[in-house]
1. Mind listing whichever residues of the stretch 1-60 are among the polar types (S, T, N, Q) and outside any loop (DSSP other than H, G, I, E, B)?
2. Any idea how many residues of the stretch 188-229 are of a type in the set (S, T, N, Q), assigned to a loop (DSSP other than H, G, I, E, B) and surrounded by 17 or more Cβ atoms within 10 Å (Cβ to Cβ)?
3. Would you confirm whether or not the stretch 161-170 contains a residue that is among the charged types (D, E, K, R) and outside any helix (DSSP H, G or I)?
4. In the set ILE252, ILE260, ILE232, which member is under 25 Å from TRP132 (Cβ atoms) and either among the aromatic types (Phe, Trp, Tyr) or in contact with a strand residue (DSSP E or B) (Cβ under 9 Å, 6 or more places away or on another chain) (or both)?
5. So which residues in the stretch 230-273 are surrounded by fewer than 20 Cβ atoms within 10 Å (Cβ to Cβ) and assigned to a loop (DSSP other than H, G, I, E, B)?
6. Quick check on this structure: which one of VAL97, VAL113 is touching a Ser or Thr at 6+ places or on another chain (Cβ under 6 Å), surrounded by fewer than 22 Cβ atoms within 10 Å (Cβ to Cβ), of a type in the set (Val, Ile, Thr) and touching a residue at least 40 places away in the same chain (Cβ under 8 Å)?
7. For the stretch 1-37, which residues satisfy the criterion of being of a type in the set (Gly, Ala, Ser) and either in contact with a helix residue (DSSP H, G or I) (Cβ under 6 Å, 6 or more places away or on another chain) or surrounded by fewer than 20 Cβ atoms within 10 Å (Cβ to Cβ) (or both)?
8. Surrounded by 12 or more Cβ atoms within 10 Å (Cβ to Cβ) and over 20 Å from MET96 (Cβ atoms): does that describe TYR184?
Amino acid sequence: MKLSLAGIRRKTEFSPNHVVNDLKIINQTADELKALGAQVTMYDEAEITPESISEKLIFSMVQGPTGSQTLLKVEARGAFIINSPKGVINCYRINMVDKIPAAGIPFPKSVIVATDGEIDWKKAGFSSSKIWIKRGDVHAVHKEDVTITNTDDEELNLLKEFHSRGISQAILQEHLDGDTVKFYAARETDLFHWYYLHDQYHTSFSEKKLQELASASAEAMGLYVYGGDAIIGKDGSLTIIDINDWPSFAPIRERASKTIAQLIFSNAKERVD
């Protein structure tokens, strides 16, 4: 029996600077699934409703709150979804800052704050004046959504700007000095690719340890298709600073689309069988 799958493209609002790349990876994954013999119907995140999706096997790049809530209802009636909307919601920073450390994974000191409240900076306990301010829900939509600050005034002004855009919570996160690396991966596969985003110190580190931390983070968040960022300290230490649900995989799109399609196909076939 031919597998019938639904694929859901990400709303462009949640693909800042990556609209084309996000579209390419999900479309190429759909093409690879068709090559494996599956029937694929594509939907757009902005248009889905619980009633519009009849398929019970779904691959999805949905990231927004409205689309995720829709897919929670679809999942609750028995659909299998990669990535599950629960995993996507886990990646909202107000959830991530609890789940990653709770799994024993190194993560920067982070504090959740209301964007309209008074902040006691001393009570927050940061040792450095450099603090990252990040919106608490979805990943960056505007360039200001992830910003490094150096003074209390900068921080307060940014929180006020968040509040004016309807963002009720933000994350204050300590700045870690070191090299930033980005990684892409898919669970239950050998797909793992990393590269330096900023290579300042050329500090040696364990690639095996990076892969282990990335995999543990994905498991803690409930993700199959994922990416993220880590800081390599000057002592070679590794700290996960972000996990993303289904990134663009732009540097390795050809390989990634084939691997992700096989992952989806094998999991979907297992559930049908």
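Read the figures in this text as sums done on the coordinates, not as results from a lab. Worth saying up front: this structure is predicted, and the values here are computed from it rather than measured. Here the Cβ positions follow ideal geometry from the backbone for every residue, glycine too, while neighbour counts run over all protein chains shown.
1. Step one: filter the stretch 1-60 for residues among the polar types (S, T, N, Q), giving 4, 12, 15, 17, 21, 27-29, 39, 41, 49, 52, 54, 60.
Residues satisfying the conditions are SER4, THR12, ASN21, ASN27, GLN28, THR29, GLN39, THR41, SER60.
2. Quick first cut of the stretch 188-229, residues of a type in the set (S, T, N, Q) only: 189, 200, 203-204, 206, 211, 215, 217.
Those still in the list that are assigned to a loop (DSSP other than H, G, I, E, B) too: 189, 200, 203-204, 206.
Now restrict to residues that are surrounded by 17 or more Cβ atoms within 10 Å (Cβ to Cβ): none.
The qualifying residues number 0.
3. Yes - at least one qualifying residue is present in the stretch 161-170.
4. Selected residue: ILE232, the only one of ILE252, ILE260, ILE232 that is under 25 Å from TRP132 (Cβ atoms) and either among the aromatic types (Phe, Trp, Tyr) or in contact with a strand residue (DSSP E or B) (Cβ under 9 Å, 6 or more places away or on another chain) (or both).
5. Within the stretch 230-273, GLY233, LYS234, ASP235, GLY236, SER237, ASP273 qualify.
6. Of VAL97, VAL113, the one residue that is touching a Ser or Thr at 6+ places or on another chain (Cβ under 6 Å), surrounded by fewer than 22 Cβ atoms within 10 Å (Cβ to Cβ), of a type in the set (Val, Ile, Thr) and touching a residue at least 40 places away in the same chain (Cβ under 8 Å) is VAL97.
7. So in the stretch 1-37, the residues of a type in the set (Gly, Ala, Ser) come out as 4, 6-7, 15, 30, 35, 37.
Across the stretch 1-37, the qualifying residues are SER4, GLY7, SER15, ALA35, GLY37.
8. Details: surrounded by 12 or more Cβ atoms within 10 Å (Cβ to Cβ): yes; over 20 Å from MET96 (Cβ atoms): no.
Judged against the criteria, TYR184 is not a match.
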